[in-house]
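One structure is given below, encoded as structure tokens.
Values quoted throughout were computed directly from the atomic coordinates according to the rules given, and no laboratory measurement underlies them. Since the model is a prediction, treat every value here as computed from it, not as a measurement. Note: ideal-geometry Cβ built from the backbone for every residue, glycine included; neighbour counts use all protein chains shown.
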Amino acid sequence: MTADAATPGTDARGTDAPGPAGDNTALWQRALELDAADPLASYRGHFVGTETDLSYLDGNSLGRPLKRTVTDISSFIQDSWGGRLIRGWDEEWLQLPQEIGDQLGRAVLGAAPGQTIIADSTTVVLYKLIRAALAAVTDPARTEIVLDTDNFPTDRYLVEGIAREEGLTLRWIEADPASGVTMEQVRAATGPATAVVVLSQIAYRSGFLADLPAITAAVHDAGALVVWDLCHSAGSVEIALDDADVDFAAGCTYKYLNGGPGSPAFAYVNTRHLAGLQQPIWGWMGRKDAFEMGPGYEAAPGIRGFLSGTPAIFGMLAMRGTLDLIEEAGMASLRGKSRLLTAYALELYDAWLAPAGVQLSTPRDPDLRGSHVTIDHPAFREMTATLWDQDVIPDFRAPQGIRIGLSPLSTSFEELYRGVAAIRELLAGPESGTAPAAGPAGEAGGFDKIADVPLN
């Protein structure tokens, strides 16, 4: 958008927009000015649907698809799959998990080649990494796994199940749902009995950004290993896994990496752990010389040993386009815009939502905040379905939170303005918080956003 378009009543495309009235003019003008000054503004045009008036504030659950992805998938079906058929495995597909993993490591994770691979779901990858980490701990006195009470449910459930399998003790960090786990809490919870610590870099509920380098150092000072969940940080904040000497990390690719629904996860294993490390799910693709089909299992060397079954090629293709854009723009630029987007969201919150009784459940300090902002109000459970019907798409999280997820490459400030304005208008309505919202098929009531979107 150019400065010429920055006039109240027009959006970034120069078309009529729901212009502000009265005291809102300054906030509207602020959005337009931020879009005009945004060095990443042109990247929004790479995504499907950004030319519409829909306000998409859920990129932290599922990213928009790239226009390029439509072409890439079509070409794959017609030319690669349809044209080369089974030959595609030998010619390209078998190498994609490592090739795309290396690009992800380079563009997003701060990881040297040979340490990152695309495979499985986040749940399966986390299970592999946690079990592999435990197997690498040789001290029999280390019988505790440390985790926090507000980590994403999958992480907690996995650790609980593994502790039962292995006869280990869980040591819980009581995390503040409005913030997250601090380095001081980790130091207090770890010691001679600690084997492995499992944490998320960005808290799924609050958006709190943990101090990954300091916490990793604290875990190592205690003689333990750390497994990081990067689901909400990969593609939204700068990460330097190698520099921080992180042991293991996992994350999904359907959020800020725009891999699409069900796109495979990634596993990072620090090179110092790769030799002799064993993950617990032995499958043919992770075996040395997989096509030998021989007796017994011997893991493939390096990160490829973390594969199990046949790679999900379709699910890998979409993320390549996003990784190309991230390499072009640089994660520092994405993080800079993320900070501006969340700061502007707080401006709108302070002006409109705080006076309406909405609570902020995200840190105000930008250094402690990822790329989503969580707000709480008793009306939000019922309101979310109404917002969806109005083409305003935030994300509900129980018991009464809305997450405003902001994707640096695809979200505009004007889009954010319109979305928060819609929340404000519904809060001001006489039916707010009392009348049941219409369900997805027009049925009154019963639309449970928790069950409807089982992603993190």
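Quick notes
- Distribution of pairwise C-alpha distances over the range 175-281, 5 Å bins, in %: 2, 12, 21, 23, 20, 14, 6, 2, 0
- Hydrophobic long helices, here whole DSSP H runs in the chain with Kyte-Doolittle means of at least -0.5 and Cα atoms spread over 15 Å or more along the helix axis, are found at 25-37, 122-136, 313-329, 331-348, 413-428.
- For the chain: relative contact order, % (alpha-carbon pairs under 8 angstrom, 6 or more apart): 20 percent
- Selection from Ala351, Ala249, Leu323, by position along the positive dipole direction of the chain (Cβ): Ala249
- Selection from Leu32, Thr138, Ala175 lying farthest towards where the dipole of the chain points positive, charges on Cβ: Thr138
- Rounded, prolate or oblate (a/c below 1.5 giving rounded, otherwise prolate when a/b exceeds b/c) for the range 48-152 by Cα gyration tensor: oblate
- Each peptide in 199-212, 104-117 gets a packing score, the mean of other Cβ atoms within 10 Å over its residues, and the list from highest to lowest is 199-212, 104-117.
- Across all directions, the average projected area of the convex hull around the alpha carbons of the range 250-373 is 11.1 nm².
- Taking GluC sites (Glu not before Pro) as exposed when their DSSP state is a loop state and no more than 16 other Cβ atoms lie within 10 Å, the longest site-free interval of the chain runs over 299-430.
- Charge dipole (Cα centre; +1 on Lys/Arg Cβ, -1 on Asp/Glu Cβ; no other charges) of the chain amounts to roughly 640 debye.
- Taking Cα centre as origin and charging only the Cβ of basic (Lys, Arg, +1) and acidic (Asp, Glu, -1) residues, the dipole magnitude of the range 45-115 rounds to 40 debye.
- Hydrodynamic radius (Kirkwood) for the range 69-327, which is based on Cα pairs only, to one decimal in Å: 18.8 Å
- Note on the range 381-427 and the range 68-90: Cα centroid distance 37 Å, given to the nearest whole angstrom.
- Computed over the chain, the ratio Rg/Rh where both radii use C-alpha atoms and Rh is Kirkwood: 0.99
- Taken along its principal axes, the alpha carbon cloud of the range 219-284 reaches lengths of 37, 34, 16 Å, longest axis first.
- Positive end of the dipole of the range 220-315 (Cβ unit charges, origin at the Cα centre): among Gly235, Ser263, Phe291, the Cα lying farthest that way belongs to Phe291.
- Of all DSSP-defined beta bridges confined to the chain, some 55% are antiparallel rather than parallel.
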